[in-house]
Amino acid sequence: GENVEQHPSTLSVQEGDSAVIKCTYSDSASNYFPWYKQELGKGPQLIIDIRSNVGEKKDQRIAVTLNKTAKHFSLHITETQPEDSAVYFCAASKTGRRALTFGSGTRLQVQP
Amino acid sequence: EAGVAQSPRYKIIEKRQSVAFWCNPISGHATLYWYQQILGQGPKLLIQFQNNGVVDDSQLPKDRFSAERLKGVDSTLKIQPAKLEDSAVYLCASSFPTGATDTQYFGPGTRLTVL
């Protein structure tokens, strides 16, 4: 089955800096890659997603890039703010198996 | 639009007891998922429903876990008997299938502690 690896497990940045989180996947048939933000005591919240027919997608301070050949995708957060502090998960799924396979998560801490 | 609702939010039980969790998906969402999230890990699929039929339960420990989705709306996940390793957050998600892949929306989860 699909395996998703996520790095780093923890990331600390200064407010205003950029943060990058990277994921790799194993199943070349995977074609949908969402990113979720999870705050303490809450369920995961979708922040951005990308499909395999697109190489990059941007939404304000958040962007995701996808390299299908290398089977990796990355989350980029620019101008980080303290409220960006949370655990971020990448995930993957494919046509015919809609359930998500998640990475192990990255705890992002933005220092004011 | 109301989100995915789950109850209870917290539950503490002794091992070998039984427990049930309830999920109400977003209105109109035909697909419903139950995920288990152990502390420090990403969510892992337990079971997926399409309307009231099971699509994928390959990772559900069927000797102790059961789930149903009567009338294709609300769903209940049950554990009987519970083990210490069942301590986790149980997340319910729903989606409206569009195209080849879904956008899944998660509820707040039920945190289960087994003593």
**Message:** Given R₀ = 30 Å, what would the calculated FRET efficiency be for residue A:39 paired with residue B:63, taking r from the Cβ atoms and rounding to 0.05?
**Reply:** 0.30
**Message:** Place a point 7 Å from the Cα of residue A:29 along the Cα-to-Cβ direction; which residues of segment B:21-64 have their backbone N under 15 Å from it?
**Reply:** B:56
**Asked** If you add up the charges near residue B:86, with Lys and Arg at +1 and Asp and Glu at -1, over every other residue whose beta carbon is less than 9 angstrom from its beta carbon, what do you get?
**Response** +2
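For A:40, B:45, B:115, what ranking results if the residue with the fewest other Cβ atoms within 10 Å of its Cβ goes first?
Values: A:40 7, B:45 23, B:115 10.
Listed from fewest to most nearby Cβ atoms, that is A:40, B:115, B:45.
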**Complete:** In nm, the gap between the two label points placed 7 Å beyond Cα toward Cβ at residue B:74 and residue A:57 is 3.4
**Request:** Taking the Cα centre of the protein assembly as shown as origin, sum charge times position over the Cβ atoms of Lys and Arg (+1) and Asp and Glu (-1), and report the length of that vector in debye to the nearest 20.
**Result:** 540
**Fill in**
Ranking A:34, A:95, A:66 by how far each Cα lies towards the positive end of the charge dipole of chain A (+1 on Lys and Arg Cβ, -1 on Asp and Glu Cβ), the top one is A:95
**Asked** What FRET efficiency do you get for residue B:55 and residue A:12 if R0 is 45 Å and r is their Cβ-Cβ distance, rounded to the nearest 0.05?
**Response** 0.65
**Request:** Would you mind pulling out the separation of the Cα centroids of segment B:19-55 and segment A:35-71, in Å?
**Result:** 21
**Positive-end residue, the protein assembly as shown charge dipole about Cα centroid, Cβ charges, pick of A:13, B:104, B:19** = B:19
**Fill in**
Taking 0.36 nm per residue of separation between residue A:68 and residue A:104 and subtracting their Cα-Cα distance, the length gained on full extension comes to 10.9 nm
**Complete:** In the structure shown, of A:94/B:78; A:42/B:83; A:37/A:71; A:22/A:68; B:44/B:78; A:94/B:44, the pairs separated by more than 20 angstrom at the C-alpha atoms are A:94/B:78; A:42/B:83; A:37/A:71
**Request:** Could you list which residues have their amide H under 5 Å from that of residue A:27, counting only those 5 or more apart in sequence or on another chain, with H placed in the peptide plane?
**Result:** A:3
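Quick note: the coordinates plus some simple rules give every number you see, no bench work behind them. These numbers come from a predicted model, not from an experiment. Methodologically, a virtual Cβ is constructed for each residue, glycine included, from the backbone with ideal geometry; neighbour enumeration extends over all protein chains shown.
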